[in-house]
Structure formats: structure tokens, C-alpha cells
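Here's the structure, in C-alpha cells; my notes come after.
Here, each number is a calculation from the coordinates, and none is a lab measurement. These numbers were taken from a predicted model, which means no experiment stands behind them. We place every Cβ from the backbone using ideal geometry, glycine too, and count neighbours over all the protein chains shown.
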Amino acid sequence: MDRAGFQGRLLRRVLSLPVRDVFSPWRLYRRDMLTALRSRLPQESGAAANLELLLHIAAEGYQAYEINVAGQAPARAMEGGSAWPKLRHLASLWQRRNSILSADYDDRAYDSIIPLQRYWQRQRYRLITELIAGEGAVLDVGCGSSRILSALPEGSMGVDILLRKLRYARRFKTMLIQASGFHLPVADEAFPCVVCSQVIEHVPKSSPILSELCRVLKPGGRLVIGTPDYAHWEWRITERLYATFAPGGYADEHIAHYSRQELLDFFEPRGFAHEATRYILRGELIMAFRKRWTAD
């Protein structure tokens, strides 16, 4: 393998870029995509600009289609030889690529090279899919690009405010709608199962999101809700570690702090029966509630 080939494979791995050849200039792009990204792209051309473009494409949930061109390898090698970014630039690219706002962040975390992150994501997937099994069509509020979408039964729907996440999540073949969890475009009592995982801590407690979850769930249906449990020291330590090693990450984004008792106190007076509590390393809380039938 030549130098450019090695560098390209290493960059592809470090930055999790969804292409086979990082340095190849031969790709197909949608015109509307390039128009949408124009203001964020560098003005210069060459391998460095190609790398920036690939980063933006992945972050926004778009795809690049590669073209094999005979005789392109020598030119690619020459260009690739000077394309390796400086360490500071590479660190910046890595940080941007692994932002939680990236379109594919949730899906990629399932196969993360970081063992703790991979374990955490796979536990969340396992616990939630177990709790929704056999409950019927699911409304996933704040679905992001989570692989949970791929496990939802027919008739399910994912809702998220971020278009880039939905753009990426189309590969899971589940109906998707861009909307706010504050005003769900769903009729009252429309779904027999509602999921809202890792969302409520990102919005103010004064928001109507919890009431919206209650509204759209059918009587007799199951609600599955997940959030960090701030009553447990295990999560508080986890968050401090995030603040130290990933400034600007989760520690800054969690503006509402919940506990298991607080969620019980909210849902039980509103006619919900608590059915299950699960934890991931006693930090992330996942609860299941059943909406009671009411007499006419």
C-alpha cells in the first residue's frame, strides 16, 4: 500500500468518514446539497478541501457516491502526500465529527471504538427494545439517528427537530417527521406505545414535552422514557468526566435534571402505573409506565 493509501485509510478510520477513498476527487454530489453547504465550505480546492467537504456531508446526513476512474491512483497519491492534516487541525476535525449534533452520531455510537460508549449505547438499545416488544406501533419522540428506529414495528414513526438526523435516519425505513416534541403533529391517543429517550434533559422542565407524551399515548398503552438520574452519584461523576474530557458536550447540554422519584411524582397522579425501572451502570434511567383506562 502506498503512502497516500495508508493515510487515506487512517483518516477514514479516525474521522469515521463514509467513503472508501478519502483523497479521491471523483464523486457525485447533489447540487442542492452543495448549495446548502456552500457557506461552510473552504474556498480553496484540493485534498484538504475534499476532507472538509466529506466532514460536512457526514455531519448533515448526506451521502457521497464514489466513482472509479481508471488511471487515477498516481494523481491521488501525489495529492495525498501533502494532504495529511496537522495534529491541531486533525483534533479539530475529530471534535467536529464526533459532535452529538452530527447526523449519524447516535448510530455510530453503537459501534464506537470507545468501549464504554459502545457498551452504553448497546445496553440502551437492548433495554428499550425489550420494553417496547409486543406493544404495537411506536412513536419515538426525539428519535435522532438511533438504531432503535430499525427495530420498531410496522406503523411506527420517528419525530425529531433536527432535519440532519432525519436525513441520515431514512436508511432505517421508518416513517419520519420533523417536528418539535413541544407540539407533536399527532392526534390525541394515537399510538399504543411512545418512546422518549435522552431528550427531556435537553429542554426546560417548563416545556410541555411530558404532557405531549401523555396526550398522544392511547389508554392502556406503554410509555418508555429515558434520562440520566441525577439522584445517583454514578451519573454525577459520569457528567463531570464529560465536562473534563469533552468540554461543551453533555455536561453543558443537560439543562433539566430528573430523578426516578420525580418522574414517578409526575406520571402517577396523571393516571399512569409504573411498570419497570432499568438502569445503565446506575447512571442512565429507563422507566416504563402504563396509561390507565379511564371510565367514560
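Just want the answer: with Cβ charges of +1 for Lys and Arg and -1 for Asp and Glu, which residue in 264, 121, 186 is farthest toward the dipole's positive end in region 105-291? It is 121, whose Cα lies furthest towards the positive end. Under a Gaussian network description of the chain, with springs only between Cα atoms under 10 Å, the residue in 160, 21, 265 that fluctuates furthest is 265.
Exposed loop positions in the chain were taken to be GluC sites (Glu not before Pro) whose DSSP state is not H, G, I, E or B and which have at most 12 other beta-carbon atoms within 10 angstrom. Between these positions, the longest stretch is 155-296. Rounded to the nearest 20, the Cβ-based charge dipole of the chain about its Cα centre (Lys and Arg +1, Asp and Glu -1) stands at 860 debye. Taking the DSSP beta bridges with both ends in the chain, the antiparallel portion is around 50 percent. Translational diffusion of the chain, estimated by Stokes-Einstein from the Kirkwood radius over alpha carbon pairs at 25 °C in a medium of 0.890 mPa s, is 117 µm² per second. A simple count of charges around residue 102, restricted to other residues whose Cβ falls under 12 Å of its Cβ and scoring Lys, Arg +1 and Asp, Glu -1, yields +2.
Taking max minus min of the alpha-carbon positions on each principal axis, region 93-207 gives extents of 43, 29, 28 Å, largest first.
Look at 146, 112, 39, 156 and count the other Cβ atoms within 10 Å of each Cβ; fewest to most, that gives 39, 112, 156, 146. Remark: 196, 214, 143 ranked as 214, 196, 143, counting other beta-carbon atoms within 10 Å and listing the fewest first. Listed by Cβ neighbour count within 10 Å, with the fewest neighbours leading, 13, 88, 290 appear as 88, 13, 290.
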